[in-house]
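Q: Please see the structure below; I have some questions.
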Amino acid sequence: MPVSAAAGGWRGRLRRSLPLLPALAVVVLVCAPAGGADPAQGATVGPADLASAVLVGWVALTLVRRGARPLAARAALLLALPALGVTVATIASFDPAAGLPGYVRTLQIFVLVPAAVVLLLRDRRDFAVLGGALVVLALFQGAVGVHQYATGTGASYRGADIRAVGTFGAVDVMGMSTLVSYGLVLALALGLLPPPGSHRRLRVCALGAAGLLAVPLVLSFSRGAWIATGAAVLAVLLLSGRRLALRTLAVTGALAVVLVGGAGVGGELVGERLGSITEVADAPDQSVTDRYSMWAAAVSMWQREPLTGVGPRGFPEHRDGNASLALSSGSDTAGAGSDFHREPLLSPHNMYLLVLSEQGLLGLTALVGSWAALLLLGLRSLRAERRAYGAPPACGAAAVGLLVWQLVDFLYADIGGPSTVLTALVLGLVAWWALRGADTSPPVGAAR
């Protein structure tokens, strides 16, 4: 009888997770190669992008079949707000047809896929399933990245093929570090705030996963991901409680000393990379010089078209006319199964400046305004949960931490590459908590 009950329970969980298959397919297909894309051609459509289109279509079909009102007015406004700026910028651009791919990409990442995730998730268990899939994928990619560092089969860094990039390759060098950061934040939130009544092993496994993911994050040599993860981890710790935050920070600091100092993870290269964060103004390397030059070019484009920008995908076309002579022709990429080639610099590697240059002040205000509203609503829901149950749920702390990570990372990166669709899924998780998570509050003692 107990065996039958257990089998029925597993079948019930499996049946309940079937509607999430389109979203889970996106997560799985991120690992699939996007094909032999030429970096000079910009973003290409990969398997995960196609799966995200299926996800959006599936949710739309389900809504039509049910004939129900999908979202409240406030939720619909916040999710659709980023579409306003990019639509106006596309219409007002010099060549609207040339900007259509960028227009569709913006809608995919910041509007359609996040809205589909919000509509797909029914409660916090669904959030946990999708978040858990991201953690599992992060552990897999992190393991590949550590193996690349150990065997010298990663992307080229300082003349050696040691940079951990997972299966994303040398072109999408930020893909693994982004995914690993997402997984670390999700695992940390679950470890610090496990559901009431859950087994102790859940906390141990979650915190252990977060600790393991710190290793490939270090070996990614991504300064932007390090800074963003530090900010997100601090946010999750503070939301979990002061005492718990102090204890965890102490343990994390000791672990970092052991990993980097004692075990030699990354060794001298990690120290140099960390030091370069504070030396960018005094003695910047060429990558920093290029970034500053592209930032200045983006500002120059915005000054010419302050309200609507130069249009989606307009940055590469107007770059040379606005950049200084200090800008190099491109960045070197090699290793991780790819031959050496020069990757053209097609964006300022700052999402805010990219939107400002291509969509103007209107587009930036709409996009950042939407994110700011989601952050405030997410924090308000967390405060309400703390008052009602004494502690915030893991999904709420994870959602706020993920949004903090994304907001900070966008200071050093922008959308691009096969891994970008993961950003859309994460923004969907964030939006779900901010707009619907507080409406699915469980009774006291139930799983949060």
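The values are calculated or read from the model by the stated rules, or taken from the named source; none is laboratory data. Because the structure is a prediction, the values reported are computed rather than measured. So basically every Cβ, Gly included, is an ideal-geometry build from the backbone, and we count neighbours across all protein chains shown. The accessibility values were calculated without ligands, DNA or RNA, using every heavy atom of the protein model including side chains. Shrake-Rupley method; radii C 1.70, N 1.55, O 1.52, S 1.80 Å.
Q: Please go through region 148-158 and give me each residue that is assigned to a helix (DSSP H, G or I) and open to solvent by 20 Å² or more (accessible area, probe 1.4 Å), ordered by number.
A: Correct list: Tyr149, Ala150, Thr151.
Q: Ok, one more. Please go through region 159-188 and give me each residue that is β-branched (Val, Ile, Thr), assigned to a helix (DSSP H, G or I) and open to solvent by 10 Å² or more (accessible area, probe 1.4 Å), ordered by number.
A: Answer for region 159-188, where residues must be β-branched (Val, Ile, Thr), assigned to a helix (DSSP H, G or I) and open to solvent by 10 Å² or more (accessible area, probe 1.4 Å): Thr167, Thr178.
Q: Follow-up question, since we're still on this one. If Gly102 satisfies all but one of (1) assigned to a helix (DSSP H, G or I); (2) under 17 Å from Leu425 (Cα atoms), what's the number of the condition it fails?
A: Checking Gly102 against (1) assigned to a helix (DSSP H, G or I); (2) under 17 Å from Leu425 (Cα atoms), the one that fails is (2).
Q: Tell me, please, whether a residue that is part of a helix (DSSP H, G or I) and surrounded by 24 or more Cβ atoms within 10 Å (Cβ to Cβ) can be found in region 202-209.
A: No - not one qualifying residue is present in region 202-209.
Q: Look at region 363-380 and say how many of its residues are over 28 Å from Gly132 (Cβ atoms) and surrounded by 20 or more Cβ atoms within 10 Å (Cβ to Cβ).
A: 4
Q: From the list Gly132, Gly145, Gly241, Gly191, exactly one residue is crowded, with 24+ Cβ neighbours inside 10 Å and either over 14 Å from the mean Cα position of the chain (by Cα) or among the basic types (Lys, Arg) (or both). Which is it?
A: Answer to the check: Gly145.
Q: Among Asp126, Asp95, which is the only one that is over 20 Å from the mean Cα position of the chain (by Cα), among the acidic types (Asp, Glu) and either part of a loop (DSSP other than H, G, I, E, B) or over 15 Å from Pro70 (Cα atoms) (or both)?
A: Every option except Asp95 fails the conditions.
Q: Check Ala92 against each of (1) farther than 12 Å from Leu367 by Cβ; (2) in contact with a Pro (Cβ under 9 Å, 6 or more places away or on another chain); (3) touching a residue at least 12 places away in the same chain (Cβ under 8 Å) and name the one condition it does not meet.
A: (2)
Q: When Phe140 is evaluated against the numbered criteria (1) part of a loop (DSSP other than H, G, I, E, B); (2) open to solvent by 10 Å² or more (accessible area, probe 1.4 Å); (3) under 19 Å from Val30 (Cα atoms), which criterion, by number, is the only one it fails?
A: Against the list (1) part of a loop (DSSP other than H, G, I, E, B); (2) open to solvent by 10 Å² or more (accessible area, probe 1.4 Å); (3) under 19 Å from Val30 (Cα atoms), Phe140 comes up short only on (1).
Q: Tell me which of these Ala391 doesn't satisfy, since it passes every other one: (1) hydrophobic (A, V, I, L, M, F, W, C); (2) at pLDDT 95 or above; (3) not in a helix (DSSP H, G or I).
A: With (1) hydrophobic (A, V, I, L, M, F, W, C); (2) at pLDDT 95 or above; (3) not in a helix (DSSP H, G or I) applied to Ala391, the lone miss is (2).
Q: I'd like the full set of residues that are under 24 Å from Cys205 (Cα atoms) and in contact with a Ser or Thr (Cβ under 6 Å, 6 or more places away or on another chain), limited to region 145-174.
A: Scanning region 145-174 gives a single hit, Ala164.
Q: Search region 381-411 for residues being among the charged types (D, E, K, R) and without any contact (Cβ under 8 Å) to a residue 12 or more places away in the chain, and hand back the single one that is least open to solvent (accessible area, probe 1.4 Å).
A: Restricting to residues being among the charged types (D, E, K, R) and without any contact (Cβ under 8 Å) to a residue 12 or more places away in the chain, the top hit is Arg386.
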